[in-house]
Amino acid sequence: MYTAFRDILLIKDLTLFKAYILALAIQTVLIHLLEEFGLLSFSVPPFYWLSAMVGGFIFGWGMTLAGGCSSSSYYRVGEGMVGSFVVVVMFIIAAAATSGGALMPLAVMLRSVRIDMGENSATIAHVLGLNPWLLMLFLFLPLAVWLYRSHSSPPQRGWTWKRTGVVLGLVAALAWLASAWSGDFHYGLRMTGPSASLLFYLANGDSNHLNWGVFEIIGIPLGAFLAAQWSHEFQWRAPKPRRLMQQALGGALMGVGAVIAGGCNIGNSLTGLGDRKST
């Protein structure tokens, strides 16, 4: 996700951004169909606008220092990148400290500033007073036309943006189902809460912290490792000490920012937008 937005600003390349838009559209439509059939239920918190802005700023700062977001750091661990491992460790520690440790008062203070929607959930549709399906039509129809008219990327290694977007959208929708079927609260791909839960479990052994999300974040580097081995791209790589310190700081900032903002960039820009969260 970090690369998708970075490429727009730095090299004017929309390839990964198009994959993201396609994935978001597919996931959003599918999970709302699942909700219509009673297979999913969305739980949308109040609009914590101040914590969203502050947390988003801190997370973005940390993401730049780390050289990637939390999700990309997880899968890069599976490719043998030592710097990404340090990012993940610091992200986990900081997320736990902010969600249930020494930094928790900061998150609570920032979340005290919020907008309640009364009986309605704080979704974009309710804020605008629109039917959710009508909102999706307004948002995704012009984007679908744009994607359809987009030129194909030149041949390259790996998947095209179309295949990437379709597969990611399907996986993101299946994540909602898997989370619901496991007895966990209904939510899709996410990194922040499960990362904190993993450390809480390791610290006190309470199996109540083991939820679907924890196994998701464990599976990401394992899957990346298998893919890297299959494609002969696995290689241990370590940055210089100065760069390693930058990545450690970046991971810590991402952990703090993600908890304050209510999720990382995956949890907000893919999963959160999928169920129309205002935050």
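Some points to look at:
- Condition met for Phe5 (at pLDDT 90 or above and under 23 Å from Gly250 (Cβ atoms)): no
- Every condition in (1) among the polar types (S, T, N, Q); (2) surrounded by fewer than 19 Cβ atoms within 10 Å (Cβ to Cβ); (3) more than 22 Å from Leu253 (Cα to Cα) is met by Thr123 except one, and the failing one is (2).
- Exclusive hit being within 22 Å of Val214 (Cβ to Cβ), touching a helix residue (DSSP H, G or I) at 6+ places or on another chain (Cβ under 8 Å) and touching a residue at least 60 places away in the same chain (Cβ under 8 Å), set Val86, Val54: Val86
- Residue that is modelled with the lowest pLDDT, among those in the range 174-192 that are crowded, with 24+ Cβ neighbours inside 10 Å and part of a helix (DSSP H, G or I): Trp176
- You will find that of Gly257, Gly223, Gly219, the residue that is part of a helix (DSSP H, G or I), among the small types (Gly, Ala, Ser) and either closer than 30 Å to Tyr148 by Cα or touching a Gly at 6+ places or on another chain (Cβ under 6 Å) (or both) is Gly257 and no other.
- When every residue of the range 54-72 is checked against the conditions, at least one turns out to be at pLDDT below 95 and either under 24 Å from Ala180 (Cα atoms) or aromatic (Phe, Trp, Tyr) (or both).
- Beta carbons closer than 8 Å, at least 6 apart along the sequence or on distinct chains, pair a first residue in the range 16-43 that is crowded, with 19+ Cβ neighbours inside 10 Å and modelled with pLDDT of 90 or more with a second that is outside any helix (DSSP H, G or I) and aliphatic (A, V, I, L, M) for Tyr20/Met1; Ile31/Leu40.
- Qualifying residue in the range 58-65 (condition: assigned to a loop (DSSP other than H, G, I, E, B) and either touching a residue at least 12 places away in the same chain (Cβ under 8 Å) or small (Gly, Ala, Ser) (or both)): no
- Pairs meeting the criteria (first residue in the range 178-196 and at positive phi, second residue modelled with pLDDT under 95, beta carbons under 9 Å, at least 6 apart or on different chains) are Gly183/Asn211; Gly183/Trp212.
- Some residue of the range 135-151 being surrounded by fewer than 17 Cβ atoms within 10 Å (Cβ to Cβ), assigned to a loop (DSSP other than H, G, I, E, B) and either in contact with a His (Cβ under 8 Å, 6 or more places away or on another chain) or free of Cβ contacts under 8 Å to residues at least 40 places away in the same chain (or both): yes
- Residue ID - nearest to Leu106 (Cα to Cα), chosen from residues in the range 1-15 that are in contact (Cβ under 8 Å) with a residue 24 or more places away in the chain and part of a helix (DSSP H, G or I): Tyr2
- When residues of the range 226-254 are limited to those that are part of a loop (DSSP other than H, G, I, E, B) and among the charged types (D, E, K, R), the one nearest to Gly101 (Cα to Cα): Lys240
The values are calculated or read from the model by the stated rules, or taken from the named source; none is laboratory data. All values derive from a computational prediction rather than experimental measurement. Heads up, the Cβs are rebuilt from the backbone with ideal geometry, glycines too, and the neighbour counts pull from every protein chain shown.
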